[in-house]
Amino acid sequence: MRVLAIETSCDDTSVAIVCEDRRVLICQSANQDLAHEPFGGIVPEVASRNHTSTLMPLIDQVLKKSGLTSQDLSGITVTARPGLIGSLLVGVVTAKTLAAAWNLPLIGVNHIEGHLLAPFLIDDEFAAPSGFDFPYVGLAVSGGHSHLFLVSGVGRYQILGATVDDAAGEAFDKFAKMLGLGFPGGAAVDRLAKTGDANRFTFPRAMLKEDNLNFSFSGLKTAAQLILNRLEASERREMASDLCASFQEAVVDVLVQKLERAAQKTGLKRVVLTGGVSANSRLRVKALQLQERGYQVVIPPLRYCTDNAAMIGWVGVEKLRLGQIAGQDLAPSAQAHQDDYLQ
Ligand code: KG4
Ligand code: ZN
């Protein structure tokens, strides 16, 4: 079994072929950062236009590079929700057209589900530790989502907590913007933080005292603005590393503490970190420290943590096996469906 996977839910166009044995045969992505950078954020209209011009050539390229034709495929799988509706539309319409033209089954996938199952992917450089399996606690953190899930099987995801306002990546990006570090700025904050003093400035750790697994990052923005307002432009530049380190520590602290709490609450000793923010070096270090307290911590390689089609391909394989085929009426949706998650 081999599926062709398409991911266009936000600003990355990605195409992959994933096999029944979890192997990623090929995964190619086109990043749109340069197109959105001048606007200081993702412009939905620009994102969908870019998908429109990039997707078909990328599919051609993936098929050529893999040496496969449509006859070697068992299905077409596509991210159908949640995401930017115009972006999703491009992927879904393309997938429907190819499925009809090539007479292949069509599978619609929830994007977050892809992030959560990414640790099962295998390639020449990555495989999860042997014995890795359900159930586990999954923390999916990116520019668009910050969710804690109990993942107990394919299609069995229970939301344990979520952000009540900004996503973690969004918080990094907004802070980076305030410091003039460009967009998306998460990686720049991480880089500067490496040489900074995380105790120099005090940022709030929101919702840590509350007995739930939700996050809130919008207060950090206000705190950052207040701190920056007190500094001269030259001081901001001089103290940029300390500002970044202090800010980053606050975000990471909350993410890791809530991750551990989720594990305690569910009694699970296995946790997965995924999504673009898992690129953060401090988050990786602190999450991996959970191993010292007896947790198995799995962080897929970055290529499968940031938005990518391989993760959508693996969910597609699982769904195809389960006979969960979509019809030509598959419709993209900006929101997840209620029955995507267990209540
Ligand atoms: O998963 P992703 O590639 O796209 C979606 O948002 O779905 O995540 C991108 C997010 C951006 O907000 C970016 O600033 C953040 O991940 N990010 C980071 C780092 N690298 C990327 N945030 C903190 N530290 C990083 N090293
Ligand atoms: Zn994502």
Filter result (buried (at least 21 other Cβ atoms within 10 Å of the Cβ) and within 21 Å of G144 (Cα to Cα)) within the range 315-343: V315, P332
I need the full set of residues from the range 327-338 which are small (G, A, S) and over 18 Å from S87 (Cβ atoms), in order please. G327
Output for the range 197-212, where each listed residue is open to solvent by 40 Å² or more (accessible area, probe 1.4 Å) and either more than 17 Å from Q257 (Cα to Cα) or not in a loop (DSSP other than H, G, I, E, B) (or both): D197, N199, R200, T202
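Does D60 satisfy the condition of being open to solvent by 20 Å² or more (accessible area, probe 1.4 Å) and assigned to a loop (DSSP other than H, G, I, E, B)?
No; evaluated as a whole, the condition is false for this residue.
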Would you mind finding the one in L255, L231, L208 that is under 30 Å from F126 (Cα atoms) and among the aliphatic types (A, V, I, L, M)? L255
Taking the range 252-286 on its own, how many of its residues are more than 12 Å from ligand 1 (Cβ to nearest atom), small (G, A, S) and touching a residue at least 60 places away in the same chain (Cβ under 8 Å)? 2
Please enumerate the residues belonging to the range 1-34 that are out of contact with any His (no Cβ under 9 Å at 6 or more places or on another chain), outside any strand (DSSP E or B) and in contact (Cβ under 8 Å) with a residue 24 or more places away in the chain. M1, E20, D21, R22, D33
Within the range 182-196, considering residues that are closer than 17 Å to K286 by Cβ and away from ligand 2 (no atom under 16 Å from the Cβ), the one surrounded by the fewest Cβ atoms within 10 Å (Cβ to Cβ): K194
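The values are calculated or read from the model by the stated rules, or taken from the named source; none is laboratory data. All of these numbers come straight from a predicted model, not from anything done at the bench. Cβ coordinates were reconstructed from backbone atoms using ideal geometry, including for glycine residues, and neighbour counts include every protein chain displayed. For the accessible areas, the whole protein counts, side chains as well, though only heavy atoms, and no ligand, DNA or RNA atoms are used. Shrake-Rupley method; radii C 1.70, N 1.55, O 1.52, S 1.80 Å.
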